[in-house]
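First the structure, in the form of structure tokens, and then the observations on it.
Derivation of every value follows stated rules applied to the coordinates shown; laboratory data play no part. Because the structure is a prediction, the values reported are computed rather than measured. Cβ atoms come from the backbone with ideal geometry, glycine included; neighbour counts cover every protein chain shown.
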Amino acid sequence: MAIHLWNIRPGKVLKVGSISLMEAASRKSSRSLKLINIPLFILRCLLLIILALLLAIPLWQKRLQAGKVKGWILVPKENLQESYPKFKPQIDSLTNAGYEFHYFNNGFQKSDLRQILAHLKDSAANESAQFPNYWHLVNELDTLVAPTLPLYIFTPNQAIYFTGEKPRATLNLHWQTYIPADSTSKWIESAWINNNNTIRVEQGESKPSGTSYTYTDIKSDDQPNSSFNVNVSNGQATIGLKSVSRQLVIVDTTTLHIAVYADNNTIDAGYLKAALQAVNQFTQRKTIIKQYNDPGTIPTGQNWLFWLSEKPVSGRLLQQTRNIFRYEKGKIVNSGSWLSDNSVFSVSLQQGQKIGLYKLIETSQLNNNTIWRNGFGHPVLSVQRQAQTNIYNFYSRFDPAWNDLVWSNEFPGWMMKLMVPGKTSATNKYDKRILDQQQITPGNVNQTHAVAIKTTGFANLSNYFWLLLALLFLAERWLANKTQTITTNG
């Protein structure tokens, strides 16, 4: 903005007859602090001010008022057809008492319940692949609604709707739940050709009490008497339940190739191969496990390469192996901690089954790709993606002197979770587990200072400031070009 203040005025030219009698003098310029192009200067100042406010995230503080409304009735839109009949007397009573109806979905749209009910029988149930997170919605409500306003929520109690950390809110909540009618489900999780050249099917079944998986082997002559349909089209086999014709799963006919390079750690390789063979016996997948003493003889195209060495993996294997599990090298430190798998961490602690961890390769890495960790949260096994290869970095060893993993009953299970593809995202829609009311109801924040803060809400003004910034920028560019044109023509 200094260019608007620093004004160098050119000297005036005077016409004289002769300059022979004039003494030489130093050339002087006239300088003065004077604003020029004031409108342009103001626009640029405003641009900087608006940009600074945007970086600060502008919020408008407003007081939350319950107003004349006695309260809200909240029901998820996708479950209204089933929820209303289950709580009809209470919902009708609240509606007659002057309670507003809002959908328990993002935005909490207000609607006329009587008009909705008039067409409810004619409308089909809204089946959605998306499952809203009711706890996230409670957090959103906590920023919009005054703590004195009664809120009556009617929802299913299936666990799939409650993920993450249970919230704490300053809300006047009255939450009632029910078990949906479709409280059981069966589906095929995966299928593959096993060692006996029969089809092994992993079938899932979910009930309010929990989810379980069973394994069934199907022979060609057993199909008419089984609950499965097997079809072959264009050389690809698919399988589905006879009771659910729409859900088909491709039968995996490939063979799993596993290579183990032990280097000088032959005892480690023995423990690992025993765990891998246990996994193979349980899953019955076609698997070839082979140990190599010379890395140059390891064929490319392996599904898994367990590199039990601190030597670097060759570029040939890095580029042409799908998954590489390798020992990390570095400073060895003593660790008086335990080893945990993320998926069983809490269960292991509750049952007292801690896997001792005695030595660890020192690392400062803390990332979201940690698979196994110690009791302090530091990674023991992490994964990174490099081109088409998943590289698993192991900061311990398959050695009883380093940890108790190789002696633990958990070892084969951890290896199976690592190597066998996890449950598909489609599994979620079959999940019928339920939570009890105590698990669902958010905690109540009763502190005085929290209630005082809750009586005021905040509206984010960033979108308005972005619009204002764009308009000011266009105005500045237009005025700058216009000023330049006038100066050039003048």
Practice task
Please work out how much length the chain gains when fully extended from N409 to T485, using 0.36 nm per residue of separation minus the C-alpha to C-alpha distance, in nm with one decimal.
Solution key: 19.1 nm
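If you place +1 on the Cβ of every Lys and Arg, -1 on the Cβ of every Asp and Glu, and leave all else neutral, what size is the dipole of the stretch 256-420 about its Cα centre, to the nearest 20 Debye? Mind dumping the intermediate values first?
Values: 16 positive and 10 negative charges, 80 e Å.
It comes to approximately 380 debye.
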Problem - Peptides 476-483, 279-286 ordered by average Cβ neighbours within 10 Å, highest first - result: 279-286, 476-483
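Tell me, in nm to one decimal, what length is gained between K207 and Q236 on full extension, where the rule is 0.36 nm per residue of separation less the Cα-Cα distance? Write out the running numbers ahead of the final one.
Details: separation 29, 0.36 × 29 = 10.44 nm, distance 3.21 nm.
Full extension of this stretch gives 7.2 nm more.
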Problem - Label point distance in nm, T266-S243, each placed 7 Å from Cα along Cα→Cβ - result: 5.4
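Among 467-474, 301-308, what's the highest-first ranking by average C-beta atoms within 10 angstrom per residue? Write down the numbers at each step before the final one.
Numbers: 467-474: 13.5, 301-308: 21.1.
The peptides rank, most packed first, as 301-308, 467-474.
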Exercise for the section: Order by neighbour count: E100, E310, fewest other Cβ atoms within 10 Å first, most last. Expected result: E310, E100
Practice task
For L47 and E310, compute 0.36 nm times the residue count separating them, minus their Cα-Cα distance, and round to one decimal in nm.
Solution key: 89.0 nm
Practice task
Go from 0 up to the bin containing the longest alpha carbon distance in the stretch 185-253, width 5 Å each, and give me the % of pairs per bin.
Solution key: 4, 17, 28, 28, 14, 6, 3, 1, 0
Completion exercise
The long-range amide H neighbours of S185, using H built 1.01 Å from N in the peptide plane and a cut-off of under 5 Å, are S206
Problem - Equivalent ellipsoid, the stretch 256-420 (semi-axes from 5 times Cα gyration tensor eigenvalues, Å) - result: 24, 18, 15
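Rounded to the nearest 0.05, what FRET efficiency do I288 and F131 have when you use their Cβ-Cβ distance and R0 = 45 Å?
On the way: r = 40 Å, r/R0 = 0.89.
Once rounded, the FRET efficiency stands at 0.65.
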Practice task
Go through P208, S233, S190 and say which Cα lies farthest out towards the positive end of the charge dipole of the stretch 185-253; charges sit on Cβ, +1 for Lys and Arg, -1 for Asp and Glu.
Solution key: P208
Practice task
Evaluate the distance, in nm, between pseudo-label points positioned 7 Å from the Cα of Q176 and of N195 along their respective Cα→Cβ axes.
Solution key: 5.7
Completion exercise
With +1 on the Cβ of every Lys and Arg and -1 on the Cβ of every Asp and Glu, the dipole magnitude of the stretch 185-253 about its Cα centre, in debye rounded to the nearest 20, is 220
